[in-house]
1. Which one, B:Leu3, A:Phe80, A:Ala262, projects farthest toward the positive side of the charge dipole computed for the protein assembly as shown from Cβ point charges (K/R +1, D/E -1)?
2. Would you tell me the accessible area of A:Asp177, worked out with a 1.4 angstrom probe on the heavy atoms of the protein chains, in Å² to the nearest 10?
3. Note down the relative contact order for chain A as a percent, whole number, built from C-alpha pairs under 8 angstrom at least six residues apart.
4. For chain A, what % of the accessible area comes from carbon and sulfur atoms, probe 1.4 Å?
5. Report, in deg cm²/dmol and to the nearest 500, the calculated mean residue ellipticity at 222 nm for chain B, where each DSSP H run with n ≥ 4 adds -39500 (n - 2.57) and the sum is divided by the residue count.
6. Of all beta bridges DSSP finds with both residues in the protein assembly as shown, what is the antiparallel percent, to the nearest 5?
7. Along the positive direction of the dipole of the stretch B:2-231 (beta-carbon charges: Lys, Arg +1; Asp, Glu -1; about the Cα centre), which of B:Leu99, B:Ser136, B:Thr44 reaches farthest?
8. Given the options A:Gly27, A:Gly116, A:Gly106, state which has the largest fluctuation in a GNM of chain A using a 10 Å cut-off (strictly under) for Cα springs.
Amino acid sequence: MAELIVYGIVLGGIIALGAIGLSLVYGIIGFANFAHGEFMTAGAYLALFMVTGVFSWIGIPDNTFGILSFGWRMVFAFPFSMAGVAFLAIFFDRVLYRKLRAKNSGPVMFAMSSLGTSFIIRMIIIIVWGSDYLFYRPGLMRPALEVPLGIKIRPDQIVILFIVFLLVGLLHVFLQDTKMGKAMRATADNMELALISGINTERIIIWTWGIGGALAAAGGILYGIDVQLHARMGWHFLIPLFAATILGSIGNIYGALVGGFAIGIAQQVSTAFLLPTYKLAVAFVIMILILLIRPQGIFGKG
Amino acid sequence: MILLKIEDVTVGYTEIDILHNVTVTVRSGEIVSVIGPNGAGKSTLLKTVFGILKPRNGNITLKEKHITGLRPDRIVRKGISYVPQVENVFSSMTIQENLEMGAFIRRDDYSQRLEEVFDLFPVLRERKKQKAGHLSGGQRQMVAMGRALMLDPQVLLLDEPSAGLAPVLVSGIFEKIREVNATGVAMIIVEQNAKEALKMAHHGYVLAMGRNVLDDTGEALLANDEVGRLYLGG
């Protein structure tokens, strides 16, 4: 059981990275981005492209760091892929969502457009890489460490948790202590008043997409390192992402963090009682229960 | 000296015009009060000055420079601050952060201005770490005004500063408005509380059905029988 909780924390951290971005975008632009899971997939595959393609071509050595399953190639691919997906998210906002905002489109239009966006990204990935399961380092033995309480944990998973907390910590400092971060919170709080205060809200929206996209990419890569890559991985993350976002109150990034861990742990612990194929159903049931019992989420005001 | 001039402004939403050829002039250091019944277009006037609504016709100039139709985030850079009637604070942010957002476009060191705003509203200094959403109505109004004042604006636009406040707090807010004006800030105040608004006004305008009806000094309007009968409740 303790082991399942630890795995749940790892999965939860990955969900949280996606959920925070989803929540940020919802808080500022006010629509549910169904393509957010695909940003995770895109991040994972962009990193794959760098690790197995570009970096092998320019000759960065392929050896791994000791007991970890990745090396320098991944260290370079990680920020590159985050930046790449940040630009992808901003690109879709500029060519699509900004136009819908200008027309004062309703939430259904935004939801359907983002659903379309998710299909486009997923299909491009399937066309390029196919729909097989892929690994950053195929055929690598991935031994687990024994830690107290009989928990087996892979060194990769410790690094994954470290990166999750590092990214969340950086986001926290950005939002609390920088001028742009505060302006972002102000815009999420009251967009009209932000505009009145002279904040260029279109610029804030660009930053929001960029940060949301980058965090999603990080989540996707970490899932790829922890488990595997698949063209539908992000699509399957969509329900846990929404469950985490709603559980933690939509628009509240700290809530999304807590919600992510809660959903991740619930999904993993459920495998002690249920078939692992029901993991998604667990997230879905939690989401429905919150919507019925406390639709404003744990951190929302009644 | 004429600071802000609104000339023959016509504005509306989609098909219907709310304001018809409205003219209002603000001289430096003046309090200009705009009164009139509900639906007269008073708030619309402020939104138009601040660029939230685009006029169909007419000109708005600040120190003889055109600001007609500019976006709010441009107009605020010209030296006009606006306090909306409702939702005028960032409720999830602290008082200090609210004031910092008021100074968002300032590139210089505004710590002295922050102290001046705290001197004007000492209660905000005591509670600067508290979330604005947890404050009482009167204190929120102070945060809203403080935010707008962080820029050292030339003109302050106040939309119904006394709306929703308990009667005992209303006189306090008007007192604060006088204090702010004494520091040299010109302002347009839109008010339901016409008597109080005219008492402190250097100049007053009466709007009805989106048109200028009367304008005169505050005192003269208070003494005017018709204004008294129609807008001051006897």
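1. Farthest towards the positive pole: A:Phe80.
2. 110 Å²
3. 38 percent.
4. C and S fraction of accessible area: 72 percent.
5. Per the formula, -9500 deg cm²/dmol.
6. The answer is about 60 percent antiparallel.
7. Value computed over the given set: B:Leu99.
8. So, out of A:Gly27, A:Gly116, A:Gly106, the one fluctuating most is A:Gly106.
The values are calculated or read from the model by the stated rules, or taken from the named source; none is laboratory data. Just so it is clear, the structure is predicted and the values come from calculations on it, not from any experiment. Note that we place each Cβ from the backbone using ideal geometry, even for glycine, and neighbour counts take in every protein chain shown. Calculation scope for accessible area: heavy atoms of the full protein, side chains included, ligands and nucleic acids excluded. Shrake-Rupley method; radii C 1.70, N 1.55, O 1.52, S 1.80 Å.
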